[in-house]
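The values are calculated or read from the model by the stated rules, or taken from the named source; none is laboratory data. Everything quoted here is computed from the prediction, not taken from an experiment. Because the Cβ atoms are built from the backbone with ideal geometry, glycine has one as well, and the counts that use them run over all protein chains shown. The accessibility values were calculated without ligands, DNA or RNA, using every heavy atom of the protein model including side chains. Shrake-Rupley method; radii C 1.70, N 1.55, O 1.52, S 1.80 Å.
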Amino acid sequence: MADIRVICAIGRSGQLGLHGGMPWEGRPERAYTEDVERFFEITRGHVLICGPKTVASFPDFAHADRTIVTIRSSDRPQDVLARFSDRVVYVGGGPAVWDVYAKFVRHWDINTLPYDGAADTWFDPAWLLAGGDHSRS
Ligand SMILES: NC(=O)c1ccc[n+]([C@@H]2O[C@H](COP(=O)([O-])OP(=O)(O)OC[C@H]3O[C@@H](n4cnc5c(N)ncnc54)[C@H](OP(=O)(O)O)[C@@H]3O)[C@@H](O)[C@H]2O)c1
């Protein structure tokens with residue numbers, strides 16, 4: 001099995017997205033620019049699997065030094081992950097993707113940014129426990 005990870009950034013209340021982009025897109029403060037730099041640094045050389053809207057939100061240069069793969073709801077997660085069994089795979093979202101792939105993820109890297117504004121896409125903390133044992137009462 002591939003080494004399956006997530007790297008994402010959230011606002012103070014779990015904000016993830018707005019109008020197809022990051023809610024804080026274009027903000028010049030250091031916290032935001034450093035987050036983008038860190039994302040590209042950490043995913044460099046690895047596989048990044050994402051839904052079509054998230055892939056569309058990446059700049060062209062992002063494709064040069066990482067393997068970005070658009071995944072669809074018709075793809076079986078096990079088949080997608082089996083294609084990259086000797087690689088580090090980052091599951092890049094969005095939420096419908098994490099709903100399904102969270103149970104395979106062994107490492108979550110979540111940067112909480114100082115953002116308090118609007119969003120239309122939200123982080124679900126249940127994803128963090130999706131790989132666990134649900135039989136406890
Ligand atoms: N803050 C962050 O770190 C972060 C990270 C990622 C995304 N975002 C934000 O999130 C928003 C985009 O997310 P989104 O969810 O709206 O769109 P998305 O990235 O296109 O992801 C959802 C799509 O993934 C596809 N998909 C692939 N495998 C699937 C599966 N097994 N089950 C269900 N769907 C699957 C589906 O496309 P089909 O129906 O066409 O198959 C689904 O519509 C943007 O605003 C983006 O900026 C933020």
Residue-normalised accessible area of region 1-110, expressed per residue, 1.4 Å probe, Å²: 54 Å²
For region 8-61, the spread of Cα positions along each principal axis, largest first, Å: 28, 22, 19
J(HN,Hα) series, region 69-77, from Karplus relation 6.51 cos²θ - 1.76 cosθ + 1.60, nearest Hz, glycine and proline x: 10, 7, 10, 10, 5, 7, 7, 6, x
Considering only the chain, percent of DSSP beta bridges that pair antiparallel, nearest 5: 15 percent
Additional length obtainable on full extension of the chain from Asn111 to Leu128, 0.36 nm per residue less Cα span: 4.7 nm
Portion, in percent, of the accessible area of the chain that falls on carbon or sulfur, probe 1.4 Å: 51 percent
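Give me the number: length gained by fully extending Glu37 to Met1, i.e. 0.36 nm times residue separation minus the C-alpha to C-alpha distance, one decimal in nm.
10.1 nm
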Cα radius of gyration and Dmax for the chain (Å): 14.8, 48
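To the nearest 0.05, what FRET efficiency results for Arg27 and Arg76 with a Förster distance of 22 Å applied to their C-beta separation?
It comes out at approximately 0.05.
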